[in-house]
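S.K.: Just passing along the structure, written as structure tokens.
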Amino acid sequence: MEHVVFLDRQSLKANVRRPKFEHTWEEHVQTLESEVVARLKNATVAITNKVPIRKATLEQLPNLKMIAVAATGYDVIDVPACRERGVAVANIRNYAVHTVPEHSFALIFALRRNIIAYREDVLKGRWQAQDQFCFFDHSISDLYGSTLGIFGEGALGQGTAKIAKALGMRVLFADHPPPKAPDVEFTDPDTVLRESDIISLHCPLTPESRGFIGLEQFRKMKRSAILINTARGGLVDEAALKEALETGLIAGAGFDVLTKEPPKEGNPLLDIRTPNFILTPHVAWASDGAMQFLADQLIDNVELFIAGTPQHLVT
């Protein structure tokens with residue numbers, strides 16, 4: 001009989017059905033990394049969203065057959081160690097193809113039209129004190145005719161591009177080593193940085209991509225440009241972003257992710273109080289529909305693996 005353990009059930013606000021095969025089920029609201037071995041001691045299938053499972057942990061879990069990641073990103077899993085031990089790892093695919101691009105554009109619209117700044121002015125009573133029907137203290141930029149540079153041409157990057165094109169924007173996808181999506185025209189990354197009015201990140205966090213946006217890249221960007229990150233916090237040097245915003249290297253940024261989440265030990269970006277920076281708490285993926293789709297696919301992945309017809313394996 002299979003024993004399934006969900007390490008961080010609180011991370012998924014959706015109905016999670018039980019697998020159809022014979023099994024026992026155990027779930028925990030949250031799990032500290034120090035508690036993983038004890039909780040997975042008898043598990044054959046582990047479900048985790050953000051609880052790390054590393055090599056030292058795997059070496060103490062001889063019964064484990066599969067790790068089902070309740071997310072697309074699987075950087076919390078030591079994939080090479082899983083491969084060595086024959087532990088399958090499956091992730092979630094294409095569940096946030098609408099919600100993440102929509103959130104990205106929510107940030108884009110808010111920044112390009114200075115909505116936060118104008119809202120703050122209204123709350124301060126500035127509009128009420130005017131002699132005419134409006135005032136123009138903050139620039140307002142249309143998206144039509146502007147250029148969106150995208151790093152990452154997967155389902156989320158392409159979904160974002162689709163919205164951009166519908167708005168009359170020019171879209172550039174930044175080139176990178178294989179594998180690459182078919183039928184996508186790529187542009188040199190430096191050209192994307194130089195020519196884009198908005199840059200949106202939709203690439204995975206890997207050793208190669210960690211911190212790939214830093215001061216060098218900000219200096220190549222237009223001073224009127226904004227940076228959007230709904231992918232992973234570690235893609236951007238956060239101290240460099242703070243400096244870029246404070247010194248005017250770029251005009252603004254909208255982030256849904258940080259390097260460490262939640263930021264209990266602080267973060268340079270938490271100190272930014274100007275309306276040209278918007279930070280949301282890693283919720284771009286979390287529409288009601290997207291979460292239920294994720295929960296359903298999560299159990300599909302487990303059932304298909306046990307049935308001997310696995311899908312969405314990353315090992």
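S.K.: Pull up region 46-88, narrow it to residues that are in contact with a Phe, Trp or Tyr (Cβ under 7 Å, 6 or more places away or on another chain) and buried (at least 21 other Cβ atoms within 10 Å of the Cβ), then point me to the one that is farthest from Leu205 (Cα to Cα).
M.R.: By that ranking, first place goes to Met66.
S.K.: Further, regarding this structure: Here's a check for you: in region 30-59, which residue that is part of a strand (DSSP E or B) and not hydroxyl-bearing (Ser, Thr, Tyr) is farthest from the chain's Cα centre (by Cα)?
M.R.: Val45
S.K.: Mind checking which pairs have a first residue in region 155-179 that is within 18 Å of Asp190 (Cβ to Cβ) and in the same structural domain as Leu201 (by TED's automatic domain parsing) and a second that is at pLDDT 95 or above and of a type in the set (Phe, Trp, Tyr), Cβ under 9 Å, 6 or more apart or different chains?
M.R.: Leu172/Phe186; Phe173/Phe151; Phe173/Phe186; Ala174/Phe151; Ala174/Phe186; Asp175/Phe186; His176/Phe151; His176/Phe186
S.K.: Can you pull out the residues in region 279-315 that are out of contact with any Asp or Glu (no Cβ under 9 Å at 6 or more places or on another chain) and part of a strand (DSSP E or B)?
M.R.: The answer is Leu313, and nothing else.
S.K.: Separate question: Check Glu208 against each of (1) within 23 Å of Glu153 (Cβ to Cβ); (2) of a type in the set (D, E, K, R); (3) modelled with pLDDT of 95 or more; (4) loosely packed, with under 15 Cβ neighbours inside 10 Å and name the one condition it does not meet.
M.R.: (3)
S.K.: Across region 117-145, what is the number of residues that are touching a helix residue (DSSP H, G or I) at 6+ places or on another chain (Cβ under 8 Å), over 25 Å from Ala290 (Cβ atoms) and in contact (Cβ under 8 Å) with a residue 24 or more places away in the chain?
M.R.: Number satisfying all stated conditions: 4.
S.K.: For region 241-262, give me each residue that is under 24 Å from Ala117 (Cβ atoms) and assigned to a loop (DSSP other than H, G, I, E, B).
M.R.: Gly248, Leu249, Ile250, Ala251, Asp256, Val257, Leu258
S.K.: Being under 23 Å from Ser209 (Cβ atoms), out of contact with any strand residue (DSSP E or B) (no Cβ under 7 Å at 6 or more places or on another chain) and either among the charged types (D, E, K, R) or surrounded by fewer than 13 Cβ atoms within 10 Å (Cβ to Cβ) (or both) is the filter here, so list the residues in region 163-179 that pass it.
M.R.: Correct list: Pro177, Pro178, Pro179.
S.K.: Of everything in region 4-45, what is surrounded by 12 or more Cβ atoms within 10 Å (Cβ to Cβ), free of Cβ contacts under 8 Å to residues at least 40 places away in the same chain and among the β-branched types (Val, Ile, Thr)? Give them in sequence order.
M.R.: Hits for region 4-45 are Thr24, Thr31, Val36, Val37.
S.K.: How about region 94-145: which of its residues are more than 17 Å from Ile163 (Cα to Cα), surrounded by fewer than 13 Cβ atoms within 10 Å (Cβ to Cβ) and of a type in the set (Asp, Glu)?
M.R.: The answer is Asp131, Asp137.
The values are calculated or read from the model by the stated rules, or taken from the named source; none is laboratory data. On a predicted model such as this, the values are computed, not experimentally measured, just so you know. Please note: Cβ atoms are built from the backbone with ideal geometry, for glycine as well, and neighbour counts cover all protein chains shown.
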